[in-house]
Amino acid sequence: MWYSVDRFEGSLVILMDDEENCITVERTRLPDDIRQGDVLCYADDCYILDAEETAKRREEIRQLEQRLRNK
């Protein structure tokens, strides 16, 4: 399952799944180098940064913003 990093709240991180459900996870359970908007894969009780999916979604957002600005 994929989660995107929604926001940081002290030692907690709010993650959102693709159905917009939020979960709260201790920062220590996540990779050190994550930032808002990163996509994490959850498997085997572990969260792993998915750089490829993160880049794909960021590009989709960039293209959407571009289309909206050109209207």
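The values are calculated or read from the model by the stated rules, or taken from the named source; none is laboratory data. What you see is a predicted model; the values in this text were computed from it and never measured. Counting neighbours? That spans all protein chains shown, and the Cβs are built from the backbone with ideal geometry, glycine included. The protein model used for the area step is the full one, side chains on, heavy atoms only, and it has no ligands, DNA or RNA in it. Shrake-Rupley method; radii C 1.70, N 1.55, O 1.52, S 1.80 Å.
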Hey, among the residues in the range 10-32 that are among the acidic types (Asp, Glu) and more than 22 Å from Arg62 (Cα to Cα), which one's most open to solvent (accessible area, probe 1.4 Å)?
Asp32
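Report, by residue number, each residue of the range 38-50 that is hydrophobic (A, V, I, L, M, F, W, C), open to solvent by less than 80 Å² (accessible area, probe 1.4 Å) and over 10 Å from the mean Cα position of the chain (by Cα).
Start the filter on the range 38-50 by keeping residues that are hydrophobic (A, V, I, L, M, F, W, C), which leaves 39-41, 43, 46, 48-49.
This time we only want the ones that are open to solvent by less than 80 Å² (accessible area, probe 1.4 Å), so: 39-41, 43, 46, 49.
Hits for the range 38-50 are Ala43, Cys46.
Residue by residue, here is whether (1) farther than 16 Å from Glu53 by Cα; (2) in contact with a His (Cβ under 6 Å, 6 or more places away or on another chain); (3) among the aromatic types (Phe, Trp, Tyr) holds:
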{"site": "Trp2", "(1), (2), (3)": "no, no, yes"}
{"site": "Val5", "(1), (2), (3)": "no, no, no"}
{"site": "Phe8", "(1), (2), (3)": "yes, no, yes"}
{"site": "Leu12", "(1), (2), (3)": "yes, no, no"}
{"site": "Leu15", "(1), (2), (3)": "no, no, no"}
{"site": "Val25", "(1), (2), (3)": "yes, no, no"}
{"site": "Arg29", "(1), (2), (3)": "yes, no, no"}
{"site": "Arg35", "(1), (2), (3)": "no, no, no"}
{"site": "Asp38", "(1), (2), (3)": "no, no, no"}
Do you know which residues across the range 26-53 are of a type in the set (Gly, Ala, Ser) and within 18 Å of Glu9 (Cβ to Cβ)?
Gly37
If you go through Arg58, Arg7, Arg35, Arg67, the only one that is in a strand (DSSP E or B), open to solvent by 70 Å² or more (accessible area, probe 1.4 Å) and basic (Lys, Arg) is Arg7
Failed criterion for Tyr47 (all others in (1) free of Cβ contacts under 8 Å to residues at least 40 places away in the same chain; (2) touching a Lys or Arg at 6+ places or on another chain (Cβ under 8 Å) hold):
(1)
Please verify whether Thr28 is under 11 Å from the mean Cα position of the chain (by Cα) and polar (S, T, N, Q), treating the condition exactly as stated.
no
